[in-house]
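Right, one structure below, let's go through it.
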Amino acid sequence: QVQLVESGGGLVQPGGSLRLSCASSRISFSMYNMGWYRQAPGKQRELVAVIISGGSTNYADSVKGRFTISRDNAKNTVYLQMNSLTPEDTAVYYCNARTFRNDYWGQGTQVTVSS
């Protein structure tokens, strides 16, 4: 069974930064489009950022200029650098690995932005 393991979540003050990581020992991320999604209480899961296998990236308007998605294929890890965090960024963040055949999700990591 494929497992994606997220880490790096936690409690941070408004204006602070966090870096999320997503790793797997079962699949090669270089073959997948990798994304970060988030789900806040009472809201639907939404796309935050995606990096395709070729390296292009796309971001939700709400995080453009603040968040950066990147991948290290040698470490088989995908990152989400989050800067200038606001309470509206509070959510469970999920890692996703997708091809047209496969769609894998991590268990999620909680990010809480609060003073």
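The values are calculated or read from the model by the stated rules, or taken from the named source; none is laboratory data. What you are looking at is a predicted structure, and each value in this text was computed from that prediction instead of being measured. Virtual Cβ from ideal backbone geometry, glycine too; neighbours counted across all protein chains shown. Protein only, heavy atoms only, side chains kept; ligands, DNA and RNA dropped before computing areas. Shrake-Rupley method; radii C 1.70, N 1.55, O 1.52, S 1.80 Å.
Listing for the model above:
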item	result
Contour excess over end-to-end distance, with Cα ends at Arg45 and Ser30 and 0.36 nm allotted per residue	3.0 nm
Burial order of peptide ranges 54-63, 9-18, 86-95 (average beta-carbon count within 10 Å, highest first)	86-95, 9-18, 54-63
For the chain, average projected area of the Cα convex hull in nm²	6.9
Alpha carbon centroid spacing (whole Å) that separates region 84-109 from region 1-65	4
Fully extended contour minus Cα-Cα distance, from Gln3 to Arg98, at 0.36 nm per residue	32.9 nm
Full-stretch length increase - Thr57, Gln13 - with 0.36 nm per residue and alpha-carbon distance subtracted	13.1 nm
Probe 1.4 Å, accessible area per residue of the chain, Å²	54
Sulfur and carbon atoms: percent of accessible area, the chain [1.4 Å]	46
